[in-house]
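See structure below.
The values are calculated or read from the model by the stated rules, or taken from the named source; none is laboratory data. Keep in mind it's a predicted model, so treat the numbers as computed, not measured. No Cβ is skipped: glycine too gets one built from the backbone with ideal geometry, and neighbour counts run over all protein chains shown.
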2 protein chains.
Amino acid sequence: MADIIDGRAIAGRLDEETRTKVEELVAAGCQRPGLAVILVGDDPASEIYVRHKIRACERVGIRSSKYALPADTGQEELLALIEALNDDDTVHGILCQVPLPDQIDTRLVLGAIAPEKDVDGFHPVNVGRLSTGTGGIVPCTPLGVMMMLETVIDRFEGLDAVVIGKSNIVGKPIANLLLDAECTVTVTHIHTAGLPEIVRQADIVVAAAGAPELVRGFWIKEGAVIIDVGITRVQTPEGKTRLTGDVAFDEVQHARAVSPVPGGVGPMTIACLLSNTQRAARAMMLGERSRDPGIDYADLPTRSVLAGGATAGER
Amino acid sequence: MADIIDGRAIAGRLDEETRTKVEELVAAGCQRPGLAVILVGDDPASEIYVRHKIRACERVGIRSSKYALPADTGQEELLALIEALNDDDTVHGILCQVPLPDQIDTRLVLGAIAPEKDVDGFHPVNVGRLSTGTGGIVPCTPLGVMMMLETVIDRFEGLDAVVIGKSNIVGKPIANLLLDAECTVTVTHIHTAGLPEIVRQADIVVAAAGAPELVRGFWIKEGAVIIDVGITRVQTPEGKTRLTGDVAFDEVQHARAVSPVPGGVGPMTIACLLSNTQRAARAMMLGERSRDPGIDYADLPTRSVLAGGATAGER
């Protein structure tokens, strides 16, 4: 039987750490870390996500403020709010829930958030820093995946990792993190030929295709470690619905370890948002007053990279 | 016999196009595109590179200005120069030759160049945009590699590409471009186990390890396309030196096509610098006065991506 990589338990431990570090900051005379959450319109799924995030803040002692704007909010108005939050010293993290209504340019809005408060890690500067291994804020789901892998893998160097899916917010950043951890990394996607054979080479499989039970038992090498990022609601034969991952869970029991759905990556994503907010607040308040204090991810396997220090280019 | 991917010839055609577009801009009443080249200290190799770049500008009608600063230049002084060049409307591209002296924080300096003038494509914003396929300026060597591949490959979708080397300025951005062209991409490096077997699966091999003749004939699948980015000066048995690539050129004649060293990627890198400068000038002077006009790479295979348009994140 494969070991279960229990996302809920790992998230619980991370929340405990975040809570401790938040109170450390407060005890040191700093402000309580604050997260501003912006929700535009009334998409029911977005409302649920935002509610979960705000409740999670309460659990770990992070102050949260919610900015609910009507669906017809203009772009300039939203940009003005972000600018005000950028300038607000009591706000250490800013999250703008996507998708945004059509009249708003998502790329422009996400790029307007100050990089040091961009706790989702979507700002081009943070994406660029992740890509070059020069610090910055790491997006929540990829960060959670790495932390989960770290619970079962001691040494990443030279392992073969296959990432299924190349989205900007999951597949590509995970590939970057695995590469920085010195894995050999293959990124596959909808146009990939011979996917089962490619996955069968892998020591680490990260499935982020959003295709229910795409990854079958015979795709998986004995002893591989699997993180299942997919989460899709599917109809059961009895007419009910259930949440299903990208991996046929029952078929991969010859793996060394596998994360379940639900209870895997999902809880980690929110825990990483809280952790990012705490880290961002710490960097802002305790960091040396340099132009670029950077975020401290010294507790991660890829710490040498995430802690920054390399230069952007040599030639 | 493998076809030769003649970098000099392709660079010549690209220069011709750049020259034509520069004169188009001038004929349209715009300023002549201008490149500012900053050189700090007296590293002989850097001096040669800078001289080559300035001469290349002359060839295509781009104005160049050289700022040679002494080796003991302070960081603040350099940053002040960059700020002045950022604000100078007659300067459309800024290039700061690396390596920089030890007292200067390279990352800080490269990040101070305005992203729209960063014709090397090293600014985190440009790295991030390349990573997410949302426009930006593409670094010169990776851009040149894609253009070379385009001369022999019509359809990239689903091809297996292997990149050897994961540097920030070559390996990683090339992997991004190949991924955006819908290849299945594997990035390998010094810690990769079983490199010959991995390379033997590849339809496209980009060798950027800086290890002379690392890639041997038996590593290469019949009909593969090889771009050799490596360039190392090695000693010959006769006591002379010659430039050698990462690929054992004579052994890979069963490939479909291969780029030589010298005369391959090298000339393309400078041609792409000129092309980037022209494109940046065009975006600045002819682009709509939006906040983010973007660079036009519509002539590239990955045009849908490089032209921008996608948003940085959805969930």
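Just a yes or no: is a residue in segment B:87-105 at pLDDT 95 or above, within 11 Å of chain A (Cβ to nearest Cβ) and touching a Cys at 6+ places or on another chain (Cβ under 6 Å)?
no
State the number of residues belonging to segment B:86-112 that are within 19 Å of B:Ile54 (Cβ to Cβ) and either outside any loop (DSSP other than H, G, I, E, B) or not assigned by the TED database to the domain that holds B:Glu47 (or both).
Number of matching residues: 4.
Suppose we filter A:Ala112, A:Ala84, A:Ala80, A:Ala45 for residues that are out of contact with any strand residue (DSSP E or B) (no Cβ under 7 Å at 6 or more places or on another chain), free of Cβ contacts under 8 Å to residues at least 60 places away in the same chain and surrounded by 21 or more Cβ atoms within 10 Å (Cβ to Cβ); which single one remains?
Numbers: A:Ala84 fails: surrounded by 21 or more Cβ atoms within 10 Å (Cβ to Cβ); A:Ala80 fails: surrounded by 21 or more Cβ atoms within 10 Å (Cβ to Cβ); A:Ala45 fails: surrounded by 21 or more Cβ atoms within 10 Å (Cβ to Cβ).
Selected residue: A:Ala112, the only one of A:Ala112, A:Ala84, A:Ala80, A:Ala45 that is out of contact with any strand residue (DSSP E or B) (no Cβ under 7 Å at 6 or more places or on another chain), free of Cβ contacts under 8 Å to residues at least 60 places away in the same chain and surrounded by 21 or more Cβ atoms within 10 Å (Cβ to Cβ).
Does segment A:69-81 contain any residue that is more than 13 Å from A:Ile94 (Cβ to Cβ), assigned to a helix (DSSP H, G or I), at pLDDT 95 or above and hydrophobic (A, V, I, L, M, F, W, C)?
Within segment A:69-81, the subset more than 13 Å from A:Ile94 (Cβ to Cβ) is A:69-77, A:80.
In the following step, the residues that additionally are assigned to a helix (DSSP H, G or I) were identified as A:75-77, A:80.
Among the residues that remain, those that are also at pLDDT 95 or above are: A:75-77, A:80.
Filter once more, so that each one left must be hydrophobic (A, V, I, L, M, F, W, C): A:80.
Yes, there is a match, as at least one residue in segment A:69-81 is more than 13 Å from A:Ile94 (Cβ to Cβ), assigned to a helix (DSSP H, G or I), at pLDDT 95 or above and hydrophobic (A, V, I, L, M, F, W, C).
Checking A:Pro212 against (1) within 25 Å of the chain's Cα centre (by Cα); (2) not in a loop (DSSP other than H, G, I, E, B): exactly one of these is not met. Which one?
Looking at each condition in turn, A:Pro212 falls short on (2).
For segment B:1-54, how many residues meet the condition of being more than 19 Å from the chain's Cα centre (by Cα), assigned to a helix (DSSP H, G or I) and polar (S, T, N, Q)?
Total meeting the criteria: 1.
Filtering segment B:283-309 down to residues that are over 30 Å from B:Ala207 (Cβ atoms) and either small (Gly, Ala, Ser) or modelled with pLDDT of 95 or more (or both), which residue is farthest from the chain's Cα centre (by Cα)?
So, considering only residues that are over 30 Å from B:Ala207 (Cβ atoms) and either small (Gly, Ala, Ser) or modelled with pLDDT of 95 or more (or both), the one farthest from the chain's Cα centre (by Cα) is B:Ser290.
Tell me, which residue of segment B:175-188 that is facing chain A (nearest Cβ under 9 Å) and out of contact with any strand residue (DSSP E or B) (no Cβ under 7 Å at 6 or more places or on another chain) is surrounded by the fewest Cβ atoms within 10 Å (Cβ to Cβ)? Even if it seems obvious, please write down each step before you answer.
Taking segment B:175-188 as the starting set, the residues that turn out to be facing chain A (nearest Cβ under 9 Å) are B:175-176, B:179-180, B:182-188.
Going one step further and asking which of them are out of contact with any strand residue (DSSP E or B) (no Cβ under 7 Å at 6 or more places or on another chain), we end up with B:176, B:180, B:182.
Numbers: B:Asn176: 28, B:Asp180: 23, B:Glu182: 21.
For segment B:175-188, the residue satisfying everything is B:Glu182.
So, in segment A:73-100, how many residues would count as being over 21 Å from A:Leu274 (Cα atoms) and of a type in the set (Val, Ile, Thr)?
Total meeting the criteria: 1.
Under 6 Å between Cβ atoms, at least 6 apart or on separate chains: pull out the pairs that start in segment A:209-229 with a residue that is more than 21 Å from A:Pro267 (Cβ to Cβ) and end on any residue that is among the basic types (Lys, Arg).
Final answer for the pair search is A:Trp219/A:Arg200; A:Lys221/A:Arg200; A:Gly223/A:Arg256.
Has segment B:87-109 got any residue that is small (Gly, Ala, Ser) and over 16 Å from B:Thr269 (Cβ atoms)?
No, segment B:87-109 contains no residue that is small (Gly, Ala, Ser) and over 16 Å from B:Thr269 (Cβ atoms).
I'd like the residue in segment A:119-149 that is in a loop (DSSP other than H, G, I, E, B) and within 12 Å of the chain's Cα centre (by Cα) and, out of all such residues, is nearest to the other protein chains (Cβ to nearest Cβ). Talk me through it step by step, then tell me what you get.
We begin by selecting, within segment A:119-149, every residue in a loop (DSSP other than H, G, I, E, B); these are A:119-123, A:133-139.
Still in the list and also within 12 Å of the chain's Cα centre (by Cα): A:119-122, A:137-139.
Values: A:Val119: 13, A:Asp120: 7, A:Gly121: 9, A:Phe122: 4, A:Ile137: 12, A:Val138: 13, A:Pro139: 8 Å.
Ranking the candidates gives A:Phe122 first.
If I ask for residues that are surrounded by fewer than 24 Cβ atoms within 10 Å (Cβ to Cβ) and touching a residue at least 60 places away in the same chain (Cβ under 8 Å), which ones from segment B:149-174 would you list?
Answer for segment B:149-174, where residues must be surrounded by fewer than 24 Cβ atoms within 10 Å (Cβ to Cβ) and touching a residue at least 60 places away in the same chain (Cβ under 8 Å): B:Glu150, B:Thr151, B:Val152, B:Ile153, B:Phe156, B:Gly165.
Given the structure, is B:Gly34 under 30 Å from B:Lys221 (Cα atoms), surrounded by 15 or more Cβ atoms within 10 Å (Cβ to Cβ) and not aromatic (Phe, Trp, Tyr)? Don't jump to the end; show me each part of the working.
Details: under 30 Å from B:Lys221 (Cα atoms): no; surrounded by 15 or more Cβ atoms within 10 Å (Cβ to Cβ): yes; not aromatic (Phe, Trp, Tyr): yes.
When the stated conditions are applied, B:Gly34 does not pass them.
Specify the residue that is farthest from B:Ala193 (Cα to Cα); the eligible residues are those in segment A:189-200 that are crowded, with 18+ Cβ neighbours inside 10 Å and not hydroxyl-bearing (Ser, Thr, Tyr). If you could, list the steps in order and put the result at the bottom.
In the first step, residues of segment A:189-200 are kept if they are crowded, with 18+ Cβ neighbours inside 10 Å; the result is A:189, A:192, A:195, A:198-199.
Checking the rest, the ones that are also not hydroxyl-bearing (Ser, Thr, Tyr) come to A:189, A:195, A:198-199.
Values: A:His189: 23, A:Leu195: 20, A:Ile198: 15, A:Val199: 16 Å.
Selected residue: A:His189.
Can you name the residue in segment B:235-250 that is over 16 Å from B:Ile5 (Cβ atoms) and in a loop (DSSP other than H, G, I, E, B) and is also modelled with the highest pLDDT among such residues?
B:Ala248
Residue check, B:Thr106 against (1) farther than 25 Å from B:Pro142 by Cα; (2) touching a Pro at 6+ places or on another chain (Cβ under 8 Å); (3) hydroxyl-bearing (Ser, Thr, Tyr), all met but one. Which one?
(1)
Regarding segment B:272-288, can at least one residue be identified that is out of contact with any Phe, Trp or Tyr (no Cβ under 7 Å at 6 or more places or on another chain), in contact (Cβ under 8 Å) with a residue 40 or more places away in the chain, in the same structural domain as B:Arg155 (by the TED database) and closer than 23 Å to B:Ile164 by Cα?
Scanning segment B:272-288 turns up no residue that is out of contact with any Phe, Trp or Tyr (no Cβ under 7 Å at 6 or more places or on another chain), in contact (Cβ under 8 Å) with a residue 40 or more places away in the chain, in the same structural domain as B:Arg155 (by the TED database) and closer than 23 Å to B:Ile164 by Cα.
For segment B:167-187, enumerate the residues that are under 14 Å from B:Pro139 (Cβ atoms) and part of a loop (DSSP other than H, G, I, E, B).
Listed by number, the residues that qualify are B:Ser167, B:Asn168, B:Ile169, B:Val170.
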